[in-house]
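The values are calculated or read from the model by the stated rules, or taken from the named source; none is laboratory data. None of these values were measured; they are calculated from a predicted model. Here the Cβ positions follow ideal geometry from the backbone for every residue, glycine too, while neighbour counts run over all protein chains shown.
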2 protein chains.
Amino acid sequence: CFIYSLAFCQDGQKGPLIDHAEGQRFLNDTFKVIMEEVLSKGADVKEKVCEWRDPAELRRLLDLELLEDGQPHDHLLQQVKEMVKYSVKTNHPRFYNQLRFLTEALNTSQYTYEVAPVFVLMEDVVLSKLRSLVGWSDGDGIFCPGGSVSNIYAMNLARYRAFPQVKLKGLWSVPRLAVFTSEEGHYSICKAASMQGIGLENVFLVKTNESGCMLPEDLTDKIELAKSQGAVPFLVSATSGTTIHGAFDPLDLIADICEKYGLWMLLGGGGSVLFSKKHRHLMKGIERADSMTWNPHKMLLTGLQCSAFLLKDTTDLLKHCHCANVTYLFQKDKFYDVSFDTGDKSIQCGHKVDCLKLWLMWKAVGTRGLEERVDKAFFYTRYLVQEMKKKEGFQLVTEPQFMNVCFWFIPPSLRGKQNSDYYQERLSKVAPAIKERMVRQGSMMIGYQPQAGRVNFFPMIVHSPQISEQDVHFLLNEIERLGGDL
Amino acid sequence: CFIYSLAFCQDGQKGPLIDHAEGQRFLNDTFKVIMEEVLSKGADVKEKVCEWRDPAELRRLLDLELLEDGQPHDHLLQQVKEMVKYSVKTNHPRFYNQLRFLTEALNTSQYTYEVAPVFVLMEDVVLSKLRSLVGWSDGDGIFCPGGSVSNIYAMNLARYRAFPQVKLKGLWSVPRLAVFTSEEGHYSICKAASMQGIGLENVFLVKTNESGCMLPEDLTDKIELAKSQGAVPFLVSATSGTTIHGAFDPLDLIADICEKYGLWMLLGGGGSVLFSKKHRHLMKGIERADSMTWNPHKMLLTGLQCSAFLLKDTTDLLKHCHCANVTYLFQKDKFYDVSFDTGDKSIQCGHKVDCLKLWLMWKAVGTRGLEERVDKAFFYTRYLVQEMKKKEGFQLVTEPQFMNVCFWFIPPSLRGKQNSDYYQERLSKVAPAIKERMVRQGSMMIGYQPQAGRVNFFPMIVHSPQISEQDVHFLLNEIERLGGDL
């Protein structure tokens, strides 16, 4: 932590390492590169998404070596340009979102009011506003470095609520614990269970239906199975918008089961859907969850990282579970209300002021503007699906519920051959072949994967406001062009 | 994760939420605010370090509310200015460091080569260079969101090496474990132990000497104590440059003990000292550690966050311990060498490209430039101590070893009264009173704290290149001015 750094100022004109004018010129030049190459060109359809190079070749093209001596202005600027050139263009002309530069410029770590007065208050406003969308009039929360860490928080709090002695005495003081998530749930739940000493074998994977939604009856069965093995269930992780199929777990039914067995209900994903009056029914029952992992850096494109962990609890569980009460940060004899010193809620020392990214965008476009973004993403997903169905070579894996569109491209040579014994084998090679061509040509960037007995397909996510009718047609035509001869 | 986002581009001129020209103008205006208010004024000695307001008042001054409708350009820009005004100025004219804007602009999450080709290679170069400073010709590593998370990595790996079954079966499959760190060690070790299910009571705090260095004989005693209680020691966390006193634990002696008992030796802090040929002897024995937590965002001021976790292991422990092998990220049938897909080493999904911040600064000033920074920080710490000793009202808590200078200011009314019964009581109120005055006047920002029976003192850290002779005198004079009447 920076706490005791001497934060006062000096004359910038002296010292061999800081040439003020030269530094300013470099920063200005770099800002120009950011504006022109990253933001404007990166948003130009005529530009490639990536300029693919194999690792060995890319290493030759970039001058990555760190040397004994510093490099001059022009060489550094050239390096910056090369870096931009060979990076994947994730940007679109979302200028308001670029305000995350301000987060970096202020370089603030948030743990006490005195070091981050503005952001302590701002985080409070943003979290409270997000909670009210969930349907909680009160509660708690914190911004985390990514959704995986938010899930770690949830698992730790759920365990602490059920067995507070774990904090002091460790897991040896309690019976074997059990966690539940669906087969389609995010793998960060497994990583968290492993890291928290619970173990992968104590994560019970609940079956899903064809569309990828958790089956409540199987959840009950798995809970009973765990209990019959002597394990104590304490957490169910439900998902709104699973990673692959974008499936929405049935929250009300899961909440019923959690209430019956006294389990913590964690909800991951989908948060931004709550902005949409039209679509928020997909998350009906959400207010019954105990905590929620919400990643505005996904659907709202606030820029990485911006992940909120929201909590219904009003008993200061977050602080009790994580506090270390170190005297050098959280003195009781401070001259202001120390309840504003929120750093001890964190498993980190301080945390970045990621709330600013969401706050500024929200302030700029309003709740209404965010709603429009979400509705637009739903609209274009449906448009893509509709256009896909008109074409011969495209086959959906499941009917999309969210922004995820999973599909196979069937090249002409395989159409109508579904019953041949070579069909699956050859179809499995189509997506990788198209993917390689699109990356090498830099025209698009989508992934592929096999899943649950299904051979390689394209799992796509449509984010607003990144897409238009024109883009949808480009996508479909481009896949036909790249895979027509396979 | 963003993996399947449709990363191709659209014409930026359309859509109600994206007005390209307006957005560009706003970003340009904000950049001006960053340059003028944050970087230049923030570096001006005539400006306040903070513009203190109580929480209630600050809430009134800022327009934090999030509304249904978006706000216009001028209002937003005004908000940005207010935000800057009331935030603590952490900045100095370190323009090269501001290149972290580029990290934000590229908005890349690093988990596979195909999504972050430049940064996968760059992280590799930076980690390897840092390892070579430690003295490891081979090894592994990853950039983490802060030192606390790096320590979580170390504890998880150490446990996995000792008891790989924990990953699958949880802590119930192994005996009670024990962790060791000094009484001066960073509290993140306790937070990590609690979160990983080991429990605070299984963190044994080893005694330190007067200067804050771990006592090796007490480490042996504590290990034997743990064993006598039936616990199994597996990890010793040593520190180079403790948080408060900047103490250096005796690494060679600790390494001897770790070798004898077969324990993982984690080293936290101090990494940047290794750049200095003159001072790296403070960390003699470091190459015998198993892992190291290195935060260039501290002494090298790379900007938050930039924290490297370095590892001596060459058996791919990081991957084995953390891998989830999810098919949608890490396909085996990719068209390039998938050993470059490093994401599965992380407990997160992807991680930010924080390596860029250090790389660019290193490239700009060279290894030699970084060495000069470190040496300069040592120089000015010694200068501060020397000047302090010349003055009557200042008393060092311990003789500084690193950048940390812990001291009491003894106001005239207390000088020579060391033996009165009210002395300690009244001295304990001096630092808080001076602190309140400095914050309200915005002249400086340093903390205070009690520790180990010592009443409130100032624990200061001198970072290069933030300080000059002139600043040292300002600091001492300012404290005399603020506390002269107490």
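Some notes on this structure:
- B:S428 vs. criteria within 12 Å of chain A (Cβ to nearest Cβ), surrounded by fewer than 22 Cβ atoms within 10 Å (Cβ to Cβ), under 30 Å from B:T208 (Cα atoms) and among the hydroxyl-bearing types (S, T, Y): yes
- For the condition touching a Leu at 6+ places or on another chain (Cβ under 9 Å), more than 14 Å from chain B (Cβ to nearest Cβ) and buried (at least 19 other Cβ atoms within 10 Å of the Cβ), A:F402 does not qualify.
- Sole residue being crowded, with 17+ Cβ neighbours inside 10 Å, in contact with a Gly (Cβ under 7 Å, 6 or more places away or on another chain) and either more than 7 Å from chain A (Cβ to nearest Cβ) or at pLDDT below 65 (or both), chosen from B:F95, B:F2, B:F101: B:F95
- So A:L266, is it in a helix (DSSP H, G or I) and either under 20 Å from the mean Cα position of the chain (by Cα) or under 23 Å from A:T398 (Cα atoms) (or both): no
- Answer residue from the stretch B:178-189, given it is under 13 Å from B:K222 (Cα atoms) and outside any loop (DSSP other than H, G, I, E, B) and is farthest from the chain's Cα centre (by Cα) among those: B:A178
- The number of residues in the stretch B:179-202 that are under 16 Å from B:E224 (Cα atoms) and more than 10 Å from chain A (Cβ to nearest Cβ) comes to 4.
- Residue match in the stretch A:405-419 (condition: under 16 Å from A:G484 (Cα atoms) and within 11 Å of chain B (Cβ to nearest Cβ)): no
- Checked against (1) under 27 Å from the mean Cα position of the chain (by Cα); (2) of a type outside the set (D, E, K, R); (3) modelled with pLDDT of 80 or more, B:C50 passes all but a single condition, namely (3).
- Some residue of the stretch B:413-432 being within 27 Å of the chain's Cα centre (by Cα) and of a type outside the set (D, E): yes
- Enumeration of residues in the stretch A:127-150 that are under 15 Å from the mean Cα position of the chain (by Cα) and in a helix (DSSP H, G or I): A:G147, A:S148, A:V149, A:S150
- The stretch A:336-352, subset more than 9 Å from chain B (Cβ to nearest Cβ) and not in a helix (DSSP H, G or I), residue surrounded by the most Cβ atoms within 10 Å (Cβ to Cβ): A:T342
- Here the stretch A:406-425 is the region considered, the condition is being in contact with a Gly (Cβ under 8 Å, 6 or more places away or on another chain) and touching a residue at least 24 places away in the same chain (Cβ under 8 Å), and the residue that is surrounded by the fewest Cβ atoms within 10 Å (Cβ to Cβ) is A:P412.
- Subset of the stretch B:204-242 (residues that are buried (at least 20 other Cβ atoms within 10 Å of the Cβ), in contact with a Phe, Trp or Tyr (Cβ under 9 Å, 6 or more places away or on another chain), at pLDDT 95 or above and among the β-branched types (V, I, T)): B:V206, B:I223, B:V236, B:T239
- Selection status of B:M361, modelled with pLDDT under 90, in a helix (DSSP H, G or I) and more than 8 Å from chain A (Cβ to nearest Cβ): yes
- Positions within the stretch B:212-259 being among the charged types (D, E, K, R) and assigned to a loop (DSSP other than H, G, I, E, B), in sequence order: B:D249
- Residues of the stretch B:431-441 satisfying the condition of being surrounded by fewer than 23 Cβ atoms within 10 Å (Cβ to Cβ) and either more than 10 Å from chain A (Cβ to nearest Cβ) or more than 13 Å from B:C50 (Cβ to Cβ) (or both): B:P432, B:A433, B:Q441
- Within the stretch A:153-177, the set of residues being assigned to a helix (DSSP H, G or I) and more than 7 Å from every other protein chain (Cβ to nearest Cβ) comprises A:Y153, A:A154, A:M155, A:L157, A:A158, A:R159, A:Y160, A:R161, A:A162, A:S173.
- Residues of the stretch A:353-393 that are of a type in the set (S, T, Y), in contact with a helix residue (DSSP H, G or I) (Cβ under 9 Å, 6 or more places away or on another chain) and either buried (at least 19 other Cβ atoms within 10 Å of the Cβ) or farther than 29 Å from A:V149 by Cβ (or both): A:Y380, A:Y383.
- Checking B:S40 against (1) more than 7 Å from chain A (Cβ to nearest Cβ); (2) at pLDDT 80 or above; (3) within 25 Å of the chain's Cα centre (by Cα), the condition it does not meet: (2)
- Scanning the stretch A:457-470 for residues that are touching a helix residue (DSSP H, G or I) at 6+ places or on another chain (Cβ under 9 Å) and without any contact (Cβ under 8 Å) to a residue 40 or more places away in the chain yields no hits at all.
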